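Okay, so here's the structure we're looking at.
The values are calculated or read from the model by the stated rules, or taken from the named source; none is laboratory data. Computed from a predicted structure; not experimentally measured. Don't worry about glycine lacking a Cβ; one is built from the backbone with ideal geometry, like all the others, and counts go over all protein chains shown.
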């Protein structure tokens, strides 16, 4: 019945600042940035080649900026990716090992909680 996850909405306070973070710091590709109505913009990005994308939203009262937790981003090398993030000024937790792989956590500029994961 359902065959894929298409878009995840990330609640942000400033779409331009968030877009710069996801594009310039995390390396996502911009898929769309279009006015939906005078007060609403559709800003959509995704990791290169990913089937699932994110949209940076600021119009849902029930989704205040910074309220998202646990969005997992997959990487081939958690240690190297964490170092790249730190070099770009992102504060990450130390990379930890678990039976299923390695991971660290960090936040976007609004405080949305993200997980950088390397699956074993």
Just the residues that are farther than 20 Å from residue 75 by Cα and surrounded by 14 or more Cβ atoms within 10 Å (Cβ to Cβ), please, taken from the stretch 20-48. 31, 33, 41, 42, 43, 44
When the stretch 78-105 is examined, which residues are found to be without any contact (Cβ under 8 Å) to a residue 24 or more places away in the chain, outside any helix (DSSP H, G or I) and touching a strand residue (DSSP E or B) at 6+ places or on another chain (Cβ under 7 Å)? 91, 93, 94, 95, 96, 100, 101, 105
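Conditions (1) modelled with pLDDT under 95; (2) in contact with a strand residue (DSSP E or B) (Cβ under 8 Å, 6 or more places away or on another chain); (3) closer than 20 Å to residue 107 by Cα; (4) in a loop (DSSP other than H, G, I, E, B), marked per residue:
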position: 10; (1), (2), (3), (4): no, yes, yes, no
position: 18; (1), (2), (3), (4): no, yes, yes, no
position: 23; (1), (2), (3), (4): no, yes, yes, no
position: 31; (1), (2), (3), (4): no, yes, no, no
position: 34; (1), (2), (3), (4): no, yes, no, no
position: 41; (1), (2), (3), (4): no, yes, no, no
position: 45; (1), (2), (3), (4): no, yes, yes, no
position: 54; (1), (2), (3), (4): no, yes, yes, no
position: 69; (1), (2), (3), (4): no, yes, yes, yes
Scanning the stretch 90-120 residue by residue, the ones that are over 22 Å from residue 48 (Cβ atoms) and either in contact with a helix residue (DSSP H, G or I) (Cβ under 8 Å, 6 or more places away or on another chain) or loosely packed, with under 12 Cβ neighbours inside 10 Å (or both) total 10
